[in-house]
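The values are calculated or read from the model by the stated rules, or taken from the named source; none is laboratory data. The structure presented is a predicted model; accordingly, all values stated were derived computationally and were not measured. Neighbour counts run over all protein chains shown; Cβ positions are idealised from the backbone, glycine included.
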Amino acid sequence: PKGGTILYVEGPNVNAVVKSRRSGLKRGLEGSSISIAQTISADWTEEGAMSATVAWLRQGSNSRFCPNLVCSQNDAMAVGVLMAAKSQHAGWTGVPVLGCDGAPGVGQRYVSEGILRATIVKPVTAGPAVEWSARRMRGDRAPRHTLLRPASVPSIEELAQRN
């Protein structure tokens, strides 16, 4: 609530999903006192994010940087950053780490185990896509757009109560 800096961990820059998620985060931060201070690119895996974070921390002044929050474009990379922080930077203990994807057996489990502070559960798109295709094959007109709303685990309200 008081603002701060984010270490943002994203997938490879050539991916359209990466650009879309980054754009969404920037829009969400508009008008707040929260800023993306640093960005690290990794390969969507725990190991890739750990390696990228360790390499980044070893660069000059980065070793002194301590974010107020780590945001990652997926849950695996969020855990990779945590592993790097534990091995390289004890000062990051207690920095909240947020993931994205929120699969029940991965991201939601990390949250319930206290590894991640929160994750964003992305709605599954396969069902609506099949439904659109079936409607079109029957001759029905499919909608131009369907909005599938993500959810936070834990909820935004519950996170607010913790702070």
The range 13-56: number of residues that are in contact (Cβ under 8 Å) with a residue 12 or more places away in the chain and not in a helix (DSSP H, G or I) | 15
Answer yes if at least one residue in the range 90-100 is at pLDDT below 85, aliphatic (A, V, I, L, M) and closer than 29 Å to residue 2 by Cα, and no otherwise.
-> yes
